Structure formats: structure tokens, C-alpha cells
Amino acid sequence: MNVEVLAPQHGNPQRERELAARLRIVRDLIAEACSDAGRQPDSVTLVVITKTWPSSDVRTLAALGVLDLGESRDQEAAIKVHEVSDLDLRWHFVGQLQTNKCASVASYAHLVHSVDRARLVTALDAAVEHNGRAPLRCLIQINLDAGDSGNAGRGGVQPDAARELADQISAAPGLELAGVMGVAPLVGDAPASAAFERLRTVADSVADDHPSAQIISAGMSGDFVAAINAGATHVRLGAAVLGHRPALR
Ligand SMILES: *Cc1c(COP(=O)(O)O)cnc(C)c1O
């Protein structure tokens, strides 16, 4: 029988030890990467991505001091957010977003990382106006694929269109432009560091126009050290903390 089914409410000491151990390693690696880059350790926020993992893991993480959690699909996120609504957490929405999910996402998100088109700006702004939780902080997701190899549906606006989208977000009364986000390409020989440097350039140009847009959300389990080196302020880690998740689709 599945342990999660047997004892989700009462915790699972083995799982708790496992998460605590991985979290310690990850925090040490983040601190080391900061030190190597000449940055303060508290200049990077760890967002643990809990997609596919149960809310019992969210509780364990919260007890270990992780209050920034992320999800990539609204259906799953909305249920999980509700299950742990007694905790004071900051939920990050990091996945591709559809306009019909904007009302739901706006109801729980502390930061939406994946705004990549004008229609989302309109839909999120309308959602905020409707439920009155202004302002909703947003990042522009930048497509970091070099050339036009196709981005396999990972989303993101082309770098040269970022400034226009930034202006749209900052003109929306219910939204606050907080920075940029990127996902390094999965395939090819180009190192993630080159993609993160491109993101940094876009981040700088957006921040020139909008000085409060200081967040750079970059780096996942396989490449967060390179992202910190290139200036990431938020790293989004799933597997490095929670283990390898079952296939999503
Ligand atoms: C799943 C996901 C992550 C975390 O990925 P890991 O490789 O498990 O660290 C980060 N960012 C986004 C957008 C994701 O969908």
C-alpha cells in the first residue's frame, strides 16, 4: 500500500527526512553559487516547484522554512492551494497560462512568472479587477531558444518584443511588472549559461524602462548554478528538492 495514502495527515518521517536532506544540499549549493558570483546568499529566492507532489509535501516544506512554492498547471494548483490554505505561503504560477484560467490563478498567485502575450495581460487585469486583489505581480516569460528551432510549446515572448509587453503590463491598473522569467533550452549544445546571459540582457533593458522590475526568474534543477551566476534572483527547483516526479503527460 502507498504510504501517502496511509498517512498523509500525520506526516511520513522517511519522506520528511528525505526532503530535509535534499533541501540542505540545495541551500548549500545556492549559497556556494552566490559566493562564487560575489553575491549575497539572500539575493536568491528558492521557489520549490511542487507539481505532481501531494500537499503533504507542501506541509513538510513549509515546516522546513520553504514558503515560496510553485505550480505549473492551474487545475492541480487550485486544489493544492485550497488543501493548505491554513498555511501562509506565497504561490508562484510558472506554467503556460490560458486566458480561461486567469481568474483562478489571480485568486491565489503571489507572482505569475509566465506572462507572454497581450491577451494574458488583459485577462489577468480583468481578473484582478473582478476579485479585487490588486496589484498582481507579473513576470514576462522570455523565449530563450536561440535561432528559430521552435520552442516546443514552452512559451515565452521573443526577446525583441519584451519591452512592448512590459509597457502593456505596467499600464494595466491591476498588474505590477516585477521582472522577467526564462527557461533554458532543453536540447542543443548551447550551454544554459548563454541563454541566461541573453535573459540578463533582456532583464536589463526592461529594468531601464521600468526600474521596479528587478526579478530574474531563471534556473531549474539542472542549471540553477549557471542561472545564479548570470544574475537570477529566483530559482525554480522541483526534482532537486522533491525527487524525480512521475511523467506529467
Ligand atoms: C517543472 C518546472 C520547474 C522545475 O523543474 P525541475 O527540473 O524539476 O527543477 C521549473 N520551471 C518551470 C516553468 C517548470 O514547469
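Quick one: which residue in Ala218, Ala203, Ala230 is more than 9 Å from the ligand (Cβ to nearest atom), without any contact (Cβ under 8 Å) to a residue 40 or more places away in the chain and in contact with an Asp or Glu (Cβ under 6 Å, 6 or more places away or on another chain)?
After ruling out the rest, the residue left standing is Ala230.
Of the residues in the stretch 73-93, how many are closer than 22 Å to Met220 by Cβ and open to solvent by less than 20 Å² (accessible area, probe 1.4 Å)?
6
Just checking, does the stretch 39-48 include any residue being more than 30 Å from Asn229 (Cβ to Cβ), open to solvent by less than 50 Å² (accessible area, probe 1.4 Å) and modelled with pLDDT of 95 or more?
The answer is no, given that none of the residues of the stretch 39-48 is more than 30 Å from Asn229 (Cβ to Cβ), open to solvent by less than 50 Å² (accessible area, probe 1.4 Å) and modelled with pLDDT of 95 or more.
Do we have any residue at all in the stretch 147-167 that's farther than 19 Å from Arg198 by Cα, part of a helix (DSSP H, G or I) and either more than 17 Å from the chain's Cα centre (by Cα) or more than 16 Å from the ligand (Cβ to nearest atom) (or both)?
Yes: one or more hits.
How many residues, within the stretch 28-72, are touching a Leu at 6+ places or on another chain (Cβ under 8 Å) and closer than 30 Å to Ser107 by Cα?
Looking only at that region, the number is 19.
Being open to solvent by less than 10 Å² (accessible area, probe 1.4 Å), in contact with a Cys (Cβ under 8 Å, 6 or more places away or on another chain) and either in a strand (DSSP E or B) or away from the ligand (no atom under 15 Å from the Cβ) (or both): is that true of Ala213 here?
Answer is no for this residue.
Scan (1) outside any helix (DSSP H, G or I); (2) in contact (Cβ under 8 Å) with a residue 24 or more places away in the chain; (3) more than 16 Å from the ligand (Cβ to nearest atom) for the single condition Arg198 breaks and write down its number.
Among (1) outside any helix (DSSP H, G or I); (2) in contact (Cβ under 8 Å) with a residue 24 or more places away in the chain; (3) more than 16 Å from the ligand (Cβ to nearest atom), the lone unmet condition for Arg198 is (1).
Say whether the condition of being open to solvent by 70 Å² or more (accessible area, probe 1.4 Å) and within 20 Å of Val47 (Cα to Cα) is met by at least one residue in the stretch 154-166.
Yes, the stretch 154-166 contains at least one residue that is open to solvent by 70 Å² or more (accessible area, probe 1.4 Å) and within 20 Å of Val47 (Cα to Cα).
Return the pair list, or none, for Cβ contacts closer than 8 Å from residues in the stretch 83-103 that are in contact (Cβ under 8 Å) with a residue 12 or more places away in the chain and closer than 14 Å to Ser72 by Cα to residues that are among the basic types (Lys, Arg) and open to solvent by 50 Å² or more (accessible area, probe 1.4 Å), at least 6 apart or on different chains.
Once the first residue is in contact (Cβ under 8 Å) with a residue 12 or more places away in the chain and closer than 14 Å to Ser72 by Cα and sits in the stretch 83-103, its partners that are among the basic types (Lys, Arg) and open to solvent by 50 Å² or more (accessible area, probe 1.4 Å) give Gly95/Arg73; Gln96/Arg154.
The values are calculated or read from the model by the stated rules, or taken from the named source; none is laboratory data. In this text, all values refer to a predicted model and were calculated from it rather than measured experimentally. Every residue, glycine among them, receives a Cβ derived from its backbone with ideal geometry; neighbour counts consider all protein chains shown. Keep in mind that these areas ignore ligands, DNA and RNA; they rest on the heavy atoms of the full protein, side chains included. Shrake-Rupley method; radii C 1.70, N 1.55, O 1.52, S 1.80 Å.
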